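The values are calculated or read from the model by the stated rules, or taken from the named source; none is laboratory data. Source: prediction; values computed, not measured. Positions of Cβ are backbone-derived with ideal geometry, glycine not excepted, and every protein chain shown enters the neighbour counts. For the accessible areas, the whole protein counts, side chains as well, though only heavy atoms, and no ligand, DNA or RNA atoms are used. Shrake-Rupley method; radii C 1.70, N 1.55, O 1.52, S 1.80 Å.
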Amino acid sequence: ESRWEWRKSRIGPKYETVLNLSISPAKAIDISDSIFNKAPRQAKLLRDLVASGGPMGLSDVGKEFGYSVPSALKTKKLIYYTNIRVDRDPLDRGKYTQDFPPSLNSDQSASLKRIIQAIDDENNKVFLLNGVTGSGKTEIYLNALKYVIDNGGKGIVMVPEISLTPQVIERFESRFPNQVAVLHSGISRGEQFDQWWAIHKGQYSIVVGSRSAIFGPQPDLKLIIIDEEHEWTYKQQDTSPRYHTRDVAIKLGELTKSIVILGSATPDVVSYNAALKKGDAILRLPHRISVANDQYSGAPGISPLPNVRIVDLRAELREGNKSIFSRILYQGIKHSLDADKQIMLYINRRGSAGIVECRDCGYSIPCRKCNVTLNYHGQTGILICHYCNYRMRPPLKCSRCASPRIRYLGLGTQKVVDEVNNEFPGTIVLRWDRDTATNWAEHEKQMRRFADGEAQVLVGTQMIAKGHHFPNVALVGVLCADIGLFVPDFRAGEKAFQILCQVSGRAGRGVDQGEVVIQTYNPDHYALLAAAEQDYEQFFEKEMNLRRELSTP
């Protein structure tokens with residue numbers, strides 16, 4: 001922005017008025033003794049200034065003594081005022097306990113070795129770090145950053161959501177004390193101003209943030225990390241300039257000769273296809289790390305992925321179960337609560353009340369031209385294709401099985417909370433979505449409450465599925481996978497697979513193997529079957545074949 005824009009928006013350096021002694025400390029003590037009987041508050045302020053050993057903020061002094069006391073001392077020329085610049089730091093750095101690196105397993109060591117070799121060669125390589133959930137991708141990021149910092153370089157670490165930032169900052173600040181800067185829209189503009197200039201001056205080795213942090217003016221840049229690179233939130237599409245953070249990062253890496261690491265358990269199909277063509281750009285972490293082993297005495301072992309079960313909601317209906325919880329999920333919740341374990345219930349709100357589906361066969365009406373699912377618009381009562389604008393009236397019966405049991409899918413987080421309270425009285429339920437957490441501080445508060453065990457059940461949307469580490473979560477329930485599966489988008493299968501793998505990965509990150517229950521009316525869908533197996537290769541092959549057939553990107 002121009003200087004005028006900064007002035008108009010009142011964004012700039014922050015200054016604070018402070019009090020300084022005009023006389024020596026010894027003389028200040030003598031004067032305080034002599035005036036103590038007549039002006040005890042002035043005497044106490046003089047002694048406090050001596051005890052502080054430096055300036056004291058006028059605002060703090062005014063709260064304790066009132067502003068007349070320092071004014072009187074200033075008139076007597078015992079103190080004077082000055083203005084000092086105050087850096088607005090969004091982090092409470094004193095609350096982080098220093099962390100020390102664990103030993104790496106063989107897969108992690110091999111991946112890190114290839115990254116370090118590329119850093120030494122300065123050949124601007126782009127790596128795709130493909131590891132299952134809980135495989136230790138973050139530890140590779142931390143080790144690569146340490147190597148870069150030890151050799152005089154700096155790095156940028158990107159996360160897809162502000163909700164992930166508190167946990168990521170805690171991890172990085174604990175490993176690199178006082179070396180982490182933060183840039184995202186959740187902090188104030190004044191804090192952004194001070195962080196931007198501190199980064200520009202080279203005061204921080206690492207910049208952590210979402211989307212726009214890629215433009216942080218980090219000098220001596222040698223490493224760019226895009227965590228969860230598949231996430232659509234990296235795309236700035238609402239306001240100008242429009243860009244994709246991943247593309248900007250790759251170009252920035254080219255300009256600065258930096259290494260770029262794209263990390264994900266479920267890579268974007270485009271990224272994976274590009275990496276396959278390069279031949280040597282994929283780093284694989286196929287196993288989840290076991291936390292039962294002592295990571296500080298030896299290489300961590302392998303832990304099984306959670307046990308995933310797909311439940312056919314059509315069968316549940318035929319057998320008389322009209323609850324939003326299948327019998328398997330109900331028993332799983334009851335067992336986990338009895339065992340004092342935590343539960344996460346996921347519901348995708350993006351398609352809420354927008355999809356029409358047959359309750360008997362699970363058929364969802366596609367566009368005749370584009371083969372994407374038609375979207376129901378309640379105000380007009382018609383089905384519309386969001387690609388070609390094809391329109392039709394909702395059918396009275398299913399065109400596949402002739403059943404009249406047509407359902408309008410619409411299930412939200414608050415309804416789920418109410419159902420949990422009804423079915424399991426006395427259970428403490430925490431709801432986490434954009435209605436309950438509108439800023440960075442609220443996201444951190446929600447994350448901290450659940451991590452500290454204040455709630456037994458967490459109900460939320462996509463933000464609970466991304467990258468969080470809650471070791472006490474034993475069960476994850478996906479209440480209706482169809483809502484995300486049949487949004488009107490040719491990427492619907494890919495997005496459903498990604499989110500289901502991610503949310504499944506929140507279970508079993510402690511000592512015990514986790515359980516995942518996916519409820520759906522389409523249990524044979526290729527994306528669900530691949531997600532249940534956490535098999536990216538199986539999904540990728542099927543998805544690429546479909547895209548070739550339909551000539552989609």
Filter pass, THR233 being assigned to a loop (DSSP other than H, G, I, E, B), modelled with pLDDT under 95 and among the polar types (S, T, N, Q): no
Between residues in the range 121-136 that are aromatic (Phe, Trp, Tyr) and residues that are part of a loop (DSSP other than H, G, I, E, B) and surrounded by fewer than 23 Cβ atoms within 10 Å (Cβ to Cβ), which pairs lie under 7 Å by C-beta distance while being six or more apart or on different chains? PHE127/ALA281
Give just the number: which of (1) open to solvent by less than 50 Å² (accessible area, probe 1.4 Å); (2) touching a residue at least 12 places away in the same chain (Cβ under 8 Å) does ARG400 not satisfy? (1)
Would you say LYS113 is in a helix (DSSP H, G or I), under 30 Å from ASP92 (Cβ atoms) and open to solvent by 10 Å² or more (accessible area, probe 1.4 Å)? no
Of the residues in the range 338-361 that are in contact with a Lys or Arg (Cβ under 6 Å, 6 or more places away or on another chain) and buried (at least 22 other Cβ atoms within 10 Å of the Cβ), the one that is modelled with the highest pLDDT is MET344
Run down ASN422, ASN439 and say which single residue is out of contact with any strand residue (DSSP E or B) (no Cβ under 8 Å at 6 or more places or on another chain) and closer than 28 Å to ARG359 by Cβ. ASN422
Checking the structure you have, find out if any residue of the range 176-190 is among the hydrophobic types (A, V, I, L, M, F, W, C), in contact with a strand residue (DSSP E or B) (Cβ under 8 Å, 6 or more places away or on another chain) and either in a helix (DSSP H, G or I) or open to solvent by 30 Å² or more (accessible area, probe 1.4 Å) (or both). no
Filtering the range 88-107 for residues that are of a type outside the set (Gly, Ala, Ser) and either at pLDDT below 85 or on the phi > 0 side of the Ramachandran plot (or both) leaves a count of 11
Within the range 483-524, restricting to residues that are within 18 Å of the chain's Cα centre (by Cα) and open to solvent by 10 Å² or more (accessible area, probe 1.4 Å), the one that is modelled with the lowest pLDDT is ARG509
How about the range 447-480: which of its residues are in a helix (DSSP H, G or I), within 13 Å of the chain's Cα centre (by Cα) and within 21 Å of SER336 (Cα to Cα)? MET447, ILE464
Mind listing just one residue for me: the one in the range 319-337 that is in a loop (DSSP other than H, G, I, E, B) and touching a residue at least 12 places away in the same chain (Cβ under 8 Å) and, of those, surrounded by the most Cβ atoms within 10 Å (Cβ to Cβ)? PHE325
Residue count, the range 30-44, condition within 54 Å of the chain's Cα centre (by Cα) and open to solvent by less than 70 Å² (accessible area, probe 1.4 Å), comes to 3
